[in-house]
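Let me begin by presenting the structure, written as structure tokens, before commenting on it.
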Amino acid sequence: MESCDGGGLKNGGESYINVEQAGTYRIELNRWPFHLNTKLNGKGPEFSVGGKSINQGKALDIAYGCISIGNKEQKVQKADQNLNYVTFQVELEKGETKFRSWFLDKNKNDVCGAYYVRLTKI
């Protein structure tokens, strides 16, 4: 697997989630911490919370978000360029399962992992 410039895998790292209650969930993928309200394609912040200058990273060509849950087929969702994240709605079963999330470019090539993920039961 290739690495993206930030050192992570272009198709995201595998992790595990523990679903405490089966049901419908909204999954949001972001490249940056959600509270920063930074566009998926944009550079990161210039300064840390404490005001120290930091490396902003670089703008990336992100056109789709992608998730893989357990042994199910991966899901791909077009990114809305007016939003700062990509949203999925999925049914999850109770228990622990593998989870991977990443972003694709307009040609559906892997770009980088989705480093910030928010799951909300709806």
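Every read-out reported here was derived from the displayed coordinates using simple, explicitly stated rules and does not represent laboratory data. Predicted model, so just to flag it, every value in this text is computed and none were measured. Here the Cβ is made from the backbone with ideal geometry for all residues, glycine too, and neighbour counts use every protein chain on show.
Relative contact order for the chain using alpha-carbon pairs under 8 Å, separation at least 6, rounded to a whole percent? Could you put the intermediate results ahead of the total?
On the way: 278 pairs, mean separation 50.8, N = 122.
Contact order relative to length: 42 percent.
What is the dipole size for segment 15-121, taken about its Cα centre, with +1 at each Lys and Arg Cβ and -1 at each Asp and Glu Cβ, in debye to the nearest 20? Mind showing how you got there, number by number?
Working: 16 positive and 11 negative charges, 35 e Å.
Rounded to the nearest 20 debye, it is 160 debye.
Taking amide H positions as placed in the peptide plane 1.01 Å from N, state which residues far from ALA79 in sequence (5 or more) or on other chains have amide H under 5 Å from it.
TYR64, GLY65
In terms of Cα to Cα distance under 13 Å, which aspartates and glutamates are near enough to LYS10, apart from those fewer than 8 places away along the same chain?
GLU2, ASP61, ASP105, ASP110
Restricting to DSSP loop positions (anything but H, G, I, E, B) with no more than 13 other Cβ atoms inside 10 Å of their own Cβ, which trypsin sites (Lys or Arg not before Pro) remain in segment 75-122? Provide the component values of the computation, followed by the final result.
Working: sites: LYS75, LYS78, LYS94, LYS98, ARG100, LYS106, LYS108, ARG118, LYS121; in loops: LYS94, LYS106, LYS108.
Hits after loop and neighbour filter: LYS94, LYS106, LYS108.
Which residues in segment 63-79 place their backbone N less than 13 Å from a point set 7 Å from the Cα of THR97 along the Cα-to-Cβ direction?
Only 67-75 pass the distance filter.
Between LYS75 and GLN89, with labels modelled 7 Å along Cα→Cβ, what's the label distance in nm to one decimal, could you check?
1.0 nm
To check my understanding: the extent here is largest minus smallest coordinate of the Cα atoms along each principal axis. What are those three numbers for segment 15-121, in Å, largest first?
43, 35, 22
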